[in-house]
Amino acid sequence: MTAPAEMPKGGPEPLDERELTEILAYEVQNSLGEEHTQVADRQRQADERYRGAEFGNEIEGRSRVVMRVSQETIEWIKPAAMSRFFDNENLAHYGDESEEGSAAGVGTRMTRSINYYFREKLGGFNLFLEWISAALLYPHAPVKLWVERVREPQFERFAGLSEDELEALLQMPDVEPIELTQDAQELQDPQTGLPVQVPVFDVRIKRWRSFPRMCAAGMPPEEFLISADARSIASATFVGHRRLMTKGALAALGISWDVLEQLPTDTDVSWDFRKETREADTRSSFGASGRQRADKASQTVCVVEGHLRADRDGDGYAEKLHVLAAGRTNNFRLLRADYADDVLAFVDLCSIPMPYQFCGYGFVDLLADLDLLISTLYRLRLDNIYQHNDPRHAMREGGVDLDSYMNREPGAPVFTEGAPSEEIVPLPVAPLPPWAQEMVADLEDVRENRSGVPRYNQSRFTDAQNTTATASAQVTAAANAKVDLLVRIFAEGGIKDFFVAIPKLLRAAAAKPERFRIGDEWVTFDPNEWPEAAPVSVQVGVSAVQTEQQLVRLNSILERQTQALAEWGPGYMAAPEQLYHTVSDMLSLMGKRNVGRYFLDPRGKELPERGPSPEQIKVEADAEQGAAQVKISAGKLEIDAGETQRRLDLTERKDQMEDARERERIAMEERVRVYAADQQYKAAMAQVEAQKEVAAAKAAQPAPAASGA
């Protein structure tokens, strides 16, 4: 590796104030923002087309309608672009390249602090709404960030002051008495004990309070100046802001009144033709052009402030200087030329950048010809409708009257020679050919292809949309891709530079540490702890369809992080901080800015003692469940055995009972049999006895006498 070459000895002569003033006047006169350039004409045309100004080719008595194709396109893109930025919790993210700062969470605190400062202190939404609107409208849109020294009066009143107290108060710096009244108060002399009259004073003072403050504001096209050969603000040899400033504002910057008295007052810069075009519909016709107010502090001076690269000290290197000059290019007076510090920055947006050029294109540049063509077709259609509703007529009057014939107003008569004397004949009006409507549709296709904005309200597209969902999805995806590219161009262009400049200017403004509340959390705002150069990334949102897709993907990532954290513990493949970031991104996509309302930030907190892993818990639970199952099975077996024994006992008792009943039955049958036999025996004996008695009775009867003897 070769050593760098030494700077040659000697060098050019240092620049004096006159030479430096001439260089600045040359840069201003030949800058890209001057009134005589083509860029200025394009900026003026952009305002005319956006506001629907007439084209200059209008015909008296004919339709003068102006179709605002450019305005419709810009107003369609604007809400989509704004939502991409402001739907996120933090628009810009700051990192810390040092390991210590990253471990301490400096980048996170810096991110939250600056985003809060941007939204609440700088009015971020309104600032970006104006900035993005200008970027869509003009070839480029600059914004200025600066630190201004604010000096403002503060009025206070003190009562009952002694002479010493009054003298001490009036000797304080930046204190001026406004009202002073004296009175007497009776006090007791500590030495003599006698009452004495002591003077007391009531005073009202004006105390000047001076403090630095960071500001940011968009710059109208006629106020921004940059070298004509510049490709970017960083490479420009000159970039500046030309505007009207009051002498009082210049005095607050430290310019002495002796110098201010010699500066010429100026109001002509307010009548730049671009400003006149932009304010044509709001400017009062009773304005006091060229007049100045009587109080000198309110008189205006044309001032140019910016950065100029020039070798002021003659060392052979063109340093960046912070210059401040008053007057026009032909009578510039250099008020200040110091080495540039971090109290002034310029950033710029461009919708359609051009290679190797600083100035690109706005959407009006793409659609200006369509404004004219579509307006012309609509004018023809309206004129045709007017002719049909109020046609011209032919009437007899000694020949053709050329003056009446040349009158093209609807309903105007035409005097002809051939018409009947008692009739008024309407002249035929040819209808517009069908290709006129087709031509309007073709021009709408051209507009859609150029801008990427779909024609949702056109019947042909609606039919296609109702016919196939695929065609609708393709058109929507193409429109979202166009907006996504535009937003990414903004993010990587001026918006990133904007957030790079904010911490530098806050440090230059000596912003004091403070704490403020974001949602349910308190955040420390301390620019002194921020690194000198922190990497910045601008977060850009997506469309609703892409939001749903990203939520699904983030949810999948969260599941894998949770699984890795549970399986291997923190610090191996996943940490609680990473889960917190994933959840934060998901809430941001959902439009929830206050993450602390839903989840606590684990950073800086000790991890609790880790319990058993889910796998261990599962194994233990399975073991306990197995033991319980075994116990249940054993109890069931014991119950089954008891039931079996009970059944056996019952069976045995049943058998015994059946045996007893059988024996009882047999005994009963035996007794019945014996009883029956005994009864049969007794019956037989009774029958025998009866027979004996019959025989005895027969035997006792006498014998009958014999006959014939």
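The values are calculated or read from the model by the stated rules, or taken from the named source; none is laboratory data. Predicted model, so just to flag it, every value in this text is computed and none were measured. In this analysis, Cβ positions are derived from the backbone assuming ideal geometry, glycine residues included, and neighbour counts consider all displayed protein chains. The accessibility values were calculated without ligands, DNA or RNA, using every heavy atom of the protein model including side chains. Shrake-Rupley method; radii C 1.70, N 1.55, O 1.52, S 1.80 Å.
Note on Gln38 and Ser162: the model spin-label points, each 7 Å out from Cα along the C-beta direction, lie 8.0 nm apart.
Distance from the Cα centroid of segment 10-75 to that of segment 668-699 is 158 Å (rounded to whole angstrom). Fully extending the segment from Glu60 to Arg207, taken as 0.36 nm per residue of separation minus the present Cα-Cα distance, adds 46.5 nm. Roughly speaking, what % of Cα-Cα pairs in segment 13-88 are separated by over 17 Å, rounded to a whole number? The share of Cα pairs beyond 17 Å in segment 13-88 comes to 70 percent.
On the principal axes of its alpha-carbon atoms, segment 76-187 has extents of 75, 44, 21 Å, going from largest to smallest.
Highest average first, the peptides 78-88, 58-68 ordered by how many other beta carbon atoms sit within 10 Å of their residues are 78-88, 58-68. With the convex hull of its Cα atoms as the shape, segment 241-393 has an orientation-averaged projected area of 16.7 nm². Hydrodynamic radius of segment 133-268 by the Kirkwood approach over all distinct alpha-carbon pairs: 20.4 Å. For Ala634 and Arg661, the FRET efficiency from 1/(1 + (r/R0)^6), where r spans their Cβ atoms and R0 equals 35 Å, is about 0.30. Accessible surface computed residue by residue for segment 216-362, with neighbouring protein chains in place and a 1.4 Å probe, gives 47 Å² per residue.
Karplus-based coupling profile of segment 354-365, in residue order and whole Hz: 10, x, 6, 9, 6, 8, x, 10, x, 6, 5, 4, with θ = phi - 60° in 6.51 cos²θ - 1.76 cosθ + 1.60 and x standing for Gly or Pro.
The modelled label-to-label distance for the pair Trp257/Asp622, using points 7 Å beyond Cα in the direction of Cβ, is 9.2 nm. At an R0 of 60 angstrom, the distance between the Cβ atoms of Thr192 and Thr265 translates into a FRET efficiency of 0.40. Rolling a 1.4 angstrom probe over segment 81-172 with all protein chains present gives an accessible area of which 46% lies on carbon and sulfur atoms. Full extension of the segment from Glu514 to Ser556, taken as 0.36 nm per residue of separation minus the current Cα-Cα distance, would add 11.2 nm.
At a probe radius of 1.4 angstrom, the accessible area of segment 612-692 per residue rounds to 88 square angstrom.
Note that segment 654-662 has calculated 3J(HN,Hα) couplings of 5, 5, 4, 5, 5, 5, 4, 5, 5 Hz, one per residue in order, obtained from phi through the Karplus relation 6.51 cos²θ - 1.76 cosθ + 1.60 (θ = phi - 60°); glycine and proline are x.
Accessible surface for segment 49-188, divided over its residues, is 52 Å² per residue with a 1.4 Å probe.
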